[in-house]
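Every number in this text was worked out from the coordinates using simple rules, so none of it is lab data. Note that the coordinates shown come from a computational prediction; the quantities given were computed from them, not determined experimentally. Reconstructed Cβ throughout: ideal geometry from the backbone, glycine too, with neighbour counts over all protein chains shown.
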């Protein structure tokens with residue numbers, strides 16, 4: 001089975017919304033409540049992506065989709081560092097793959113395509129050891145900055161840089 005990486009278009013918003021929420025359930029199902037997932041729907045995610053996709057393109061960002069046999073199985077987005085004083089010019093905004101693709105190398109392909117070996121920053125949930133280990137293997141380390149996420153039931157994010 002061949003996995004194609006391609007740029008996203010606004011026409012992908014619905015499928016991307018479904019993929020995004022499926023990935024959240026797989027990655028964070030043991031960290032967030034059922035009520036959280038009742039509010040975080042594929043439809044609400046698709047609405048956000050319909051706005052985000054063109055904005056990301058106009059800001060010089062990248063949104064890559066991983067597709068197998070016409071079905072989305074992962075994505076990565078990156079762009080200019082956010083915040084008042086970003087630690088790097090480039091930031092990885094998101095990278096997700098379906099649990100069925102864990103260990104397949106797809107996450108690495110997406111990361112390489114989105115960032116290459118350039119210096120970058122990213123945010124990751126403190127209680128996500130799988131993602132943290134992946135980023136550490138790719139040269140990222142915590143810079144000591146954390147953020148409490150009220151909309152994610154007060155989970156803590158940490159910033160990583162390389």
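Report summary: the helix-based calculation at 222 nm, which adds -39500 (n - 2.57) for every DSSP H run with n ≥ 4 and divides by the residues of the chain, gives -11000 deg cm²/dmol. Remark: 104, 33 ranked as 33, 104, counting other beta-carbon atoms within 10 Å and listing the fewest first. Counting other Cβ atoms within 10 Å as a rough exposure proxy, the listed residues 18, 58, 78 run 58, 18, 78 from fewest neighbours to most.
The three principal axes of the C-alpha atoms in segment 50-141 carry coordinate ranges of 39, 31, 24 Å, sorted with the longest axis first. Size descriptors for segment 28-80, from the alpha-carbon set: Rg then Dmax equal 13.7, 36 Å.
Mean sequence separation of contacting Cα pairs (under 8 Å, at least six apart), scaled by the length of segment 1-123, corresponds to a relative contact order of 26 percent. Fewest-first ordering of 24, 49 by other beta carbons within 10 Å of each residue's beta carbon gives 24, 49.
With the largest listed first and rounded to whole Å, the semi-axes of the equivalent ellipsoid of the chain from the Cα gyration tensor are 22, 20, 17.
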